1. Quick one: Ser120 ticks every box in (1) polar (S, T, N, Q); (2) more than 20 Å from Met21 (Cα to Cα); (3) more than 12 Å from the chain's Cα centre (by Cα) bar one, so which box is it?
2. So Ser5 passes all but one of these: (1) part of a loop (DSSP other than H, G, I, E, B); (2) of a type in the set (S, T, N, Q); (3) under 15 Å from Asp123 (Cα atoms). Which condition number does it fail?
3. Kindly list, by first and then second residue, each pair from a residue in the stretch 30-55 that is in a loop (DSSP other than H, G, I, E, B) to a residue that is hydroxyl-bearing (Ser, Thr, Tyr), limited to pairs with Cβ atoms under 8 Å and residues at least 6 apart or on different chains.
4. Just the residues that are closer than 25 Å to Lys88 by Cβ and basic (Lys, Arg), please, taken from the stretch 9-64.
5. Name the single residue that is modelled with the lowest pLDDT among those in the stretch 73-93 being under 14 Å from the mean Cα position of the chain (by Cα) and assigned to a helix (DSSP H, G or I).
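The values are calculated or read from the model by the stated rules, or taken from the named source; none is laboratory data. Note that this is a predicted model, so its numbers are computed, not measured. Here Cβ is always computed from backbone atoms with ideal geometry, including for glycine, and neighbour counts include all displayed protein chains.
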Amino acid sequence: MTTVSDILGSRKGTVISIGSMDSVHDALIQMDKHDVSALLVMDEGKLVGIVSEKDYARKVVLQGRTSKNTKVRDIMVDHDRLLFATLKMTQQEAIVLMSENQIRHLPVLDSKKKVVGVISIRDFSFIEDPEVEE
């Protein structure tokens with residue numbers, strides 16, 4: 001059975017992040033640089049939220065704001081509303097969690113509740129698992 005740990009693979013421990021007080025413009029630069037569509041928002045080593053291209057489109061572009069003058073904290077999904085995956089969670093459990101909550105990214109926590117990475121719905125398109133119905 002494929003687990004989230006298997007999906008993360010060599011990326012385990014790699015956390016691409018931005019600070020909550022950074023500009024959305026800086027977040028977009030980081031997303032482009034790392035070819036990702038979401039960043040964890042970390043302040044002083046602590047996870048405080050997640051920000052995605054979707055947040056940018058809906059909360060900056062559609063509202064006529066500018067990315068250089070908007071802070072990440074103003075558009076991120078904050079920690080209180082975040083859902084998480086664990087390393088032991090199965091692929092199917094992660095897919096169901098994302099699907100039921102209409103989200104595309106999940107921060108991954110280890111057994112000590114430390115952030116060890118992020119999985120996205122994109123990760124599942126590269127894995128073949130007979131337990132997952134098509």
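1. (3)
2. For Ser5, the failing item is (1).
3. The qualifying pairs are Val36/Ser120; Ser37/Ser52; Ser37/Ser120.
4. Arg11, Lys12, Lys46
5. His79
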